[in-house]
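Worksheet: one structure, shown below.
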């Protein structure tokens, strides 16, 4: 056995996969006949490198515990030149899923693969692509996507992506799809209990055994529950087609485990409990259904082999907010998802986990609800949010005992808490080291949570519009939870980028169900605006977003409605002034809602509000494409209409707009510059 093959055997064992190795090309020796009905979740590949990729399928068998499949890999779609064939075990213990590490491949090449059982009953044919060598100067193309709630929508975006990629020149075709989380939604609605939400039909996904119900939503608490959801999602034909066309590189967000959960705590609204066994179950199902080079501690087995844990309260936390309870540590370490992939000379993709190691919510204390009236629609003073984020380290270790807004004062609930962390100390150290040692042209941080500030300037509201005034010179933060309000940790990362003289730093993220493009800056005015990189957020594939919620739920008589929706005469659909609020401020919104004069509204823009934003559309669905060369990053937003029903056409339906953001590679110490161009469609108030 060669050293290379021996090392691949070890690699396959480390990621819980069988091994298939390339040999001389020959004709197929199996009597394959396609039977997609026996492989109901299709095929997939994941995490390509220059010489290997992981292949996946699921083939259930009735009345048996173990079986074998055969995997074939060919250089041609007709399988006249088969270069690898191997036996692959499947079992009920892994829910009949198969993971194969295919080694010995050539770099930057397309291959085809398929599976068959002992009777020749075969899966569909899948297509995969290896990565180029680390010194390969070719242009890199990939897409990034997130948030595919098929319980409430359809995946027309994948059909559009496939349609365009099939017709693109070879040099512009996608090499892989980066999935930034919410591959499933663990909160499942049953159509016989609730038929619609907003204007959306509730589609059947799964029935969850041994779960819990919160409102209209059923949530899983066991591995069988999570497996049921994955199986339901993967019945979607457009998702199957996408996974069969490209290798996916995936990272989980929150809904692969728990809506508001963190570490191993399960939380969904008022339902909260220790969930060590639930975290392990979620990790096991993710591992079984998404082919990825993720590790499971020191276990070298061909299945997940979940650790035995108990659901017990977590009472002790270290200085960084990590729960030291042994079952919590065992649960969150049962699967390590953060990793890095090199893709040619121009891309180091560094992927992080935003939920397994994060500290408790810094902004969730109920006392904070007393600070600001409901008329301000969830806004909180940015200065207060920064105090809460900094915890006991704020102001050089001297945080205020109280936080205040106008004449309301409440005890600072984070005074003795550690500063907020999303990454955790160990992962953050790894991440910073990967950034520092990268030799690629572009260092792309793939993370599930947006990093651009979402803020407004209610200090500029006219007197009398609200019952209480907003304090002068005080911006408002409109959201918490992600890197947009993780000022302390974000500043540490961005300062590291600056100090290490790192160029080509860019963030691609999801979760917000909206399209954003802008700059990575630790501070905004009145602080120093000093961008060290670029930052993008991709729209959701299907999941409902902020504007959809406001269209259906924002009261017509809300005092600040004009900041979010501009109502038109005759019952026409309102314009989304919320985009304008974030980019230009309240004066622009109020003028636009009054006159619908976009030029005049933009003339009232507040220049200190959002120098970090070039584009924001809080109602966008679709996907994003990235093209990287030695001197430019090009990011394209492909926005589709709200995906409520499945498009009947092969192209996935019409496009709302297509926007391209380009930036030339900048030198160390220089500011990156984005240029935004609308290629087609109507972007509304997104700029």
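Each value in this text was obtained by applying a stated rule to the coordinates, not by laboratory testing. Not measured: the values here are computed from a predicted model. Positions of Cβ are generated from backbone atoms using ideal geometry, with glycine treated the same way; all protein chains shown enter the neighbour counts.
Data for the structure
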| read-out | value |
| --- | --- |
| Strands (runs of 3 or more DSSP E) lying entirely in region 169-279 (those with 2 or more residues that are under 30 Å from residue 140 (Cα atoms)) | 176-179, 248-250 |
| For residue 585: the one exception among (1) touching a helix residue (DSSP H, G or I) at 6+ places or on another chain (Cβ under 7 Å); (2) on the phi < 0 side of the Ramachandran plot | (2) |
| Condition check for residue 638: surrounded by 22 or more Cβ atoms within 10 Å (Cβ to Cβ), closer than 30 Å to residue 382 by Cβ, touching a residue at least 24 places away in the same chain (Cβ under 8 Å) and touching a strand residue (DSSP E or B) at 6+ places or on another chain (Cβ under 9 Å) | no |
| Residue ID - surrounded by the fewest Cβ atoms within 10 Å (Cβ to Cβ), chosen from residues in region 671-687 that are touching a residue at least 24 places away in the same chain (Cβ under 8 Å) and within 30 Å of residue 499 (Cβ to Cβ) | 671 |
| Selection status of residue 60, farther than 20 Å from residue 248 by Cα and surrounded by 15 or more Cβ atoms within 10 Å (Cβ to Cβ) | yes |
| Scan of region 563-574 for residues that are touching a residue at least 60 places away in the same chain (Cβ under 8 Å) and either assigned to a loop (DSSP other than H, G, I, E, B) or surrounded by fewer than 19 Cβ atoms within 10 Å (Cβ to Cβ) (or both), ordered by number | 564 |
| Among residues of region 650-667, those that are in contact (Cβ under 8 Å) with a residue 60 or more places away in the chain and surrounded by fewer than 17 Cβ atoms within 10 Å (Cβ to Cβ), counted | 3 |
| Answer from 368, 388 - the residue that is in a helix (DSSP H, G or I) and crowded, with 23+ Cβ neighbours inside 10 Å | 388 |
| Odd one out for residue 186, checked against (1) in contact with a helix residue (DSSP H, G or I) (Cβ under 7 Å, 6 or more places away or on another chain); (2) without any contact (Cβ under 8 Å) to a residue 60 or more places away in the chain; (3) farther than 25 Å from residue 655 by Cα | (2) |
| Filter result (buried (at least 21 other Cβ atoms within 10 Å of the Cβ) and in contact with a helix residue (DSSP H, G or I) (Cβ under 9 Å, 6 or more places away or on another chain)) within region 356-365 | 356, 357, 359, 362 |
| Test: residue in region 417-437 that is over 24 Å from residue 324 (Cβ atoms) and surrounded by 15 or more Cβ atoms within 10 Å (Cβ to Cβ) | yes |
| Residue count, region 599-618 (criterion: touching a strand residue (DSSP E or B) at 6+ places or on another chain (Cβ under 9 Å) and surrounded by 16 or more Cβ atoms within 10 Å (Cβ to Cβ)) | 9 |
| Residue list for region 79-124, filter: part of a loop (DSSP other than H, G, I, E, B) and under 12 Å from residue 55 (Cβ atoms) | 105, 123 |
| Number of positions in region 24-63 that are assigned to a strand (DSSP E or B), over 30 Å from residue 342 (Cα atoms) and in contact (Cβ under 8 Å) with a residue 60 or more places away in the chain | 2 |
| Residue that is nearest to residue 454 (Cα to Cα) [pool: residues in region 372-385 that are assigned to a helix (DSSP H, G or I) and in contact (Cβ under 8 Å) with a residue 40 or more places away in the chain] | 382 |
| Any hit, region 581-592, residues being free of Cβ contacts under 8 Å to residues at least 12 places away in the same chain and farther than 29 Å from residue 443 by Cα | no |
| Tally of residues being touching a residue at least 40 places away in the same chain (Cβ under 8 Å), at negative phi and not in a loop (DSSP other than H, G, I, E, B) across region 619-635 | 9 |
| Region 137-158: number of residues that are in a helix (DSSP H, G or I) and surrounded by fewer than 23 Cβ atoms within 10 Å (Cβ to Cβ) | 0 |
| Region 386-417, subset touching a strand residue (DSSP E or B) at 6+ places or on another chain (Cβ under 9 Å) and free of Cβ contacts under 8 Å to residues at least 12 places away in the same chain, residue nearest to residue 469 (Cα to Cα) | 409 |
